[in-house]
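Scroll down for the structure; my scribbles are underneath it.
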Amino acid sequence: MKKFQVSAIVLAAAIVISSCSRPLSPQTAAPNKGLKDYYSKYFPIGVAVNINSLRGADSALLVKEFNSITPENDLKIGPIHPREDQYNWRNADAIIAFAQRNNLKVRGHNLVWHYDSQTPRWIFEDKDGKQASKELVLQRLKDHIFTVMNRYKGKIYAWDVANEVISDKRDEYLRPSDWYKICGEDYIIKAFQWAHEADPAALLFYNDYNEIDPVKREKIHRLVKSLKDAGVPIHGIGLQAHWAINEPSRGQLDSTLSRFADLGLQLHITELDISVYPKEHNARDRKAEDANTSFTPEREQAQIEKYKMCFELFKKYRKHITSVTFWNLSDKYSWLDNFPVQNRKDYPLLFDQKLERKKAYWEVVNVVK
Ligand code: GLA
């Protein structure tokens, strides 16, 4: 081989190696690639949406970056089924039609939830306004599940069947919700069985928050294992992943994913966001220091590191994690703007208020590029 041929080969190899190891940035990235493309070998990348996400710049960003959606509120029992004889299909129909047109997967959220403001009272009351019997509550739950799942059969591939049924109190196992007080644990079991009957092809999940807490994590594990051992159709655990700059630690997240992975079910990260404020689990009144809401370089850096760590671990558990969904599209709007403190601006996502990619976006991309 002639000398110049050898040096040409060496040069070409050097170019290939350096382009592989160089981190991607706005300057070096392919213009048409989105987050979903970088992660295509790993898992779908989803986002929680509402009707406003289907228009204009939001919808363009959604379709470029994501390949899965979850209606943020529009499938919840309160908004969709506010009275026994009334269903509001409009928003959910529009979101699911949008998904079909754009070839997006849809996660359904959710079939049973305790949350007062999004679970209607009529379910728990009989015609005289007294507490409904267990039979009546279960019959209503069954009708609800069949009606909603039949309508979207084949269009929603996975459902959060039960949301947040575990108690946050250390010594209490299941949350003493109206569902539980009237039906005991049966409402959870029946919800999974009916969901499976209604659409045998749908993947069924148990979904909860603060899943990184060792005590709560064990209760989630106990519930899911007991359902699985009893032959109840359940296919996975949804980790809501409402996290923050100070938690989870790498060790905490690693042990959470490893603990859940040992159940042999799928894991979905269902509601990911990383608040720039230290985590608080309960709503509270505003304090003087809440006026400081700027997205400082320190907050930005802490968020970048947390996002990077999370995606490194998602990559490590890629055999188990089969979907990662962000809870909202951009920092323009997030539920965290009003939680735990009303009207305190947060910046929990990968796109800023102008829908531009943040630095954290590139860190997440560079985990797998
Ligand atoms: C929980 C629920 C979600 C949503 C968020 C806040 O995580 O599962 O549906 O209500 O709270 O937006």
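The values are calculated or read from the model by the stated rules, or taken from the named source; none is laboratory data. Given the structure is predicted, the values throughout are model-derived calculations rather than measurements. All Cβ positions, even for glycine, are placed from backbone atoms using ideal geometry, and neighbour counts span all protein chains on display. Calculation scope for accessible area: heavy atoms of the full protein, side chains included, ligands and nucleic acids excluded. Shrake-Rupley method; radii C 1.70, N 1.55, O 1.52, S 1.80 Å.
Which residue pairs have Cβ atoms closer than 6 Å, lie 6 or more positions apart in sequence or on different chains, and pair a first residue in region 103-115 that is closer than 16 Å to HIS268 by Cα and in a strand (DSSP E or B) with a second residue that is more than 11 Å from the ligand (Cβ to nearest atom) and open to solvent by 20 Å² or more (accessible area, probe 1.4 Å)?
Cβ pairs passing all conditions: LYS105/PRO44; LYS105/TYR157.
Report those strands (runs of 3 or more DSSP E) wholly inside region 173-261 carrying at least 3 residues which are out of contact with any Phe, Trp or Tyr (no Cβ under 7 Å at 6 or more places or on another chain) and either surrounded by 19 or more Cβ atoms within 10 Å (Cβ to Cβ) or touching a residue at least 12 places away in the same chain (Cβ under 8 Å) (or both).
Correct list: 203-208.
Does HIS281 satisfy being open to solvent by less than 40 Å² (accessible area, probe 1.4 Å) and either within 16 Å of the ligand (Cβ to nearest atom) or assigned to a helix (DSSP H, G or I) (or both)? If you could, list the steps in order and put the result at the bottom.
Working: open to solvent by less than 40 Å² (accessible area, probe 1.4 Å): no; either within 16 Å of the ligand (Cβ to nearest atom) or assigned to a helix (DSSP H, G or I) (or both): yes.
Judged against the criteria, HIS281 is not a match.
Would it be correct to say that GLU218 is in contact with a Lys or Arg (Cβ under 6 Å, 6 or more places away or on another chain) and not hydrophobic (A, V, I, L, M, F, W, C)?
Numbers: in contact with a Lys or Arg (Cβ under 6 Å, 6 or more places away or on another chain): no; not hydrophobic (A, V, I, L, M, F, W, C): yes.
No.
Restricting attention to region 322-369, report how many residues are among the acidic types (Asp, Glu), open to solvent by 10 Å² or more (accessible area, probe 1.4 Å) and touching a Ser or Thr at 6+ places or on another chain (Cβ under 9 Å).
2
Over 21 Å from the mean Cα position of the chain (by Cα) and open to solvent by 10 Å² or more (accessible area, probe 1.4 Å): is that true of LEU136 in this structure?
Values: over 21 Å from the mean Cα position of the chain (by Cα): yes; open to solvent by 10 Å² or more (accessible area, probe 1.4 Å): yes.
Here the answer is yes, as LEU136 does meet what is asked.
Working only within region 242-266, note down all residues that are away from the ligand (no atom under 16 Å from the Cβ) and among the hydrophobic types (A, V, I, L, M, F, W, C).
ILE245, LEU253, LEU257, PHE260, ALA261, LEU263, LEU265, listed by residue number.
Find the residue count for region 192-236, including only residues that are within 16 Å of the ligand (Cβ to nearest atom) and either over 16 Å from VAL165 (Cβ atoms) or at pLDDT below 95 (or both).
Residues in region 192-236 being within 16 Å of the ligand (Cβ to nearest atom) and either over 16 Å from VAL165 (Cβ atoms) or at pLDDT below 95 (or both): 1 in total.
Can you find even one residue in region 312-327 that is part of a helix (DSSP H, G or I), farther than 19 Å from TYR38 by Cβ and in contact (Cβ under 8 Å) with a residue 40 or more places away in the chain? Outline the logic, then answer.
Step one: of region 312-327, the residues part of a helix (DSSP H, G or I) are 312-316.
Filter again for farther than 19 Å from TYR38 by Cβ, leaving none.
For region 312-327, residues part of a helix (DSSP H, G or I), farther than 19 Å from TYR38 by Cβ and in contact (Cβ under 8 Å) with a residue 40 or more places away in the chain: absent.
Every residue, every condition in (1) exposed (fewer than 13 other Cβ atoms within 10 Å of the Cβ); (2) away from the ligand (no atom under 16 Å from the Cβ), yes or no:
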| residue | (1), (2) |
| --- | --- |
| GLN86 | yes, yes |
| ASP93 | no, yes |
| ASN103 | yes, yes |
| HIS109 | no, no |
| GLN118 | no, no |
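Exactly one condition in (1) away from the ligand (no atom under 16 Å from the Cβ); (2) over 30 Å from SER167 (Cβ atoms); (3) open to solvent by 60 Å² or more (accessible area, probe 1.4 Å) is not met by ARG286; state its number.
Checking ARG286 against (1) away from the ligand (no atom under 16 Å from the Cβ); (2) over 30 Å from SER167 (Cβ atoms); (3) open to solvent by 60 Å² or more (accessible area, probe 1.4 Å), the one that fails is (2).
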